[in-house]
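Asks: Okay, handing you the structure first.
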Amino acid sequence: MKVAVISVTNKGAELAGKIAPLIGSEVDIYAKVGRNPCNEPHTYGCLRDLVGELFSNYDGLLFIMATGIVVRVIAPYVRDKRVDPAVVVMDDGGNFAISLLSGHIGGANELALRVGSAAGATPVITTATDVAKLPAADVLAVKLNLAIEPFNSLKTINAAIVNGDKVTFFLDSELAGQEHYTCLAAKQGVVLADSSELALSEKYDAAVVITDRKLSISKPHLYLRPGSLAIGLGCRRGTTSAEILAAISQACLTVERSTKSVAIIGSTVVKEDETGLLAAAQQLAVPIKFFTNEQLQACIEQYDLSLSNFVKEKIGVGNVCEPAAILAGKSNNLILPKTKYPKVTVAITQVNYRWWE
């Protein structure tokens, strides 16, 4: 986590210099011009202008000043808890570290605890699940690197948890890496039930389900999507990102998977300058990896993949999407073989569950 520590007083600047090495992150200190007794290299004149520059460039912002000042200066830049940085406020006496914004997803609650420990201050955390010492769906999502879907249901599920409803956390029994998810969830105090128990709807009021599949659930529910799918993709020159995204969406729908579980896209180096493909990866917020003809051909031969003379004439190898999916996901578990869509061919593999290592 990259953190900016911002002060407005001499006392605050001194406190910033004292605690910054103890926070345990990459830290930059910003002191107000004329109130910089520690001679920090970063100074500013106008706090509002500084916040405008820093807000989207740091994972966390620690303000050493009055909470009211912070509320006013960050207000124009606050957008959404999914993208806002963690914001923590501490008085220049070092008494309290207040988690103000993005407590769970942004990590402000954890940052407040770290700042409190560094300064000997009392952490102030007001999120309802933390106050009640109950597991929260968004905290689990962050710790297990899972995407939340649909995001609008998060408030409903966390409210149900706080209100004492029976909210059960489930793990898809068909998902690879069962022990990985079970162990990480246990560290957060969450016991994962087998997804086969979803059928026993009378035993829970709401469900949080770790799965990449589209399921039919009658009770209020929230999906936590693992990055478990590798997309192999070929496209015609000039194909737009909208056409590529539509093909990926349809391909995922065909195998009853969520596009939120797409972890990586693979293609050929011939397409590495294809703007539509690059834009599609950017919109999905996933990496894209381009493979050479030699890599693709070796994969084709190893797994005896089908060939297309047309593709070989245009690209130099007889198949792009299937070997690209296998190479990108480091797995030959092909759940969607080469499938043609307008201007696009798509294949999908279930990635090796240790892919992220």
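Asks: Regarding segment 235-246, can at least one residue be identified that is buried (at least 18 other Cβ atoms within 10 Å of the Cβ), touching a strand residue (DSSP E or B) at 6+ places or on another chain (Cβ under 8 Å) and more than 30 Å from Asn152 (Cα to Cα)?
Replies: yes
Asks: Give just the number: which of (1) open to solvent by less than 10 Å² (accessible area, probe 1.4 Å); (2) assigned to a helix (DSSP H, G or I); (3) touching a Leu at 6+ places or on another chain (Cβ under 7 Å) does Asn319 not satisfy?
Replies: (2) is the only condition that Asn319 fails.
Asks: So Arg257 fits all but one of (1) within 24 Å of Ala176 (Cβ to Cβ); (2) in contact with a helix residue (DSSP H, G or I) (Cβ under 9 Å, 6 or more places away or on another chain); (3) open to solvent by 70 Å² or more (accessible area, probe 1.4 Å); what number is the exception?
Replies: Unmet for Arg257, out of (1) within 24 Å of Ala176 (Cβ to Cβ); (2) in contact with a helix residue (DSSP H, G or I) (Cβ under 9 Å, 6 or more places away or on another chain); (3) open to solvent by 70 Å² or more (accessible area, probe 1.4 Å): (3).
Asks: How many residues are in a loop (DSSP other than H, G, I, E, B) and open to solvent by less than 30 Å² (accessible area, probe 1.4 Å) if we restrict to segment 105-127?
Replies: Counting residues in segment 105-127 that are in a loop (DSSP other than H, G, I, E, B) and open to solvent by less than 30 Å² (accessible area, probe 1.4 Å) gives 3.
Asks: Would you list the strands (runs of 3 or more DSSP E) that sit entirely within segment 27-90 and hold 1 or more residues that are in contact with a Lys or Arg (Cβ under 9 Å, 6 or more places away or on another chain) and open to solvent by 10 Å² or more (accessible area, probe 1.4 Å)?
Replies: Correct list: 42-44.
Asks: Scanning for something within 22 Å of Ala147 (Cα to Cα) and either surrounded by fewer than 23 Cβ atoms within 10 Å (Cβ to Cβ) or touching a residue at least 12 places away in the same chain (Cβ under 8 Å) (or both), does segment 288-310 turn up at least one residue?
Replies: yes
Asks: Same structure again: Identify all residues within segment 128-143 that are out of contact with any strand residue (DSSP E or B) (no Cβ under 8 Å at 6 or more places or on another chain) and open to solvent by less than 10 Å² (accessible area, probe 1.4 Å); write none if there are none.
Replies: Thr129, Ala136 - these are the residues of segment 128-143 that are out of contact with any strand residue (DSSP E or B) (no Cβ under 8 Å at 6 or more places or on another chain) and open to solvent by less than 10 Å² (accessible area, probe 1.4 Å).
Asks: Can you name every residue in segment 165-181 that is open to solvent by 60 Å² or more (accessible area, probe 1.4 Å) and farther than 19 Å from Lys214 by Cβ?
Replies: If the condition is that a residue be open to solvent by 60 Å² or more (accessible area, probe 1.4 Å) and farther than 19 Å from Lys214 by Cβ, then Asp165, Lys166, Gln178, Glu179 are the ones that fit.
Asks: Quick check on Ala185: is it surrounded by fewer than 21 Cβ atoms within 10 Å (Cβ to Cβ), part of a helix (DSSP H, G or I), among the aliphatic types (A, V, I, L, M) and over 20 Å from the mean Cα position of the chain (by Cα)?
Replies: In short, no.
The values are calculated or read from the model by the stated rules, or taken from the named source; none is laboratory data. Bear in mind that the values here come from a model prediction, so they are computed numbers and not experimental data. Cβ: placed from backbone, ideal geometry, glycine included. Neighbour counts: every protein chain shown. The protein model used for the area step is the full one, side chains on, heavy atoms only, and it has no ligands, DNA or RNA in it. Shrake-Rupley method; radii C 1.70, N 1.55, O 1.52, S 1.80 Å.
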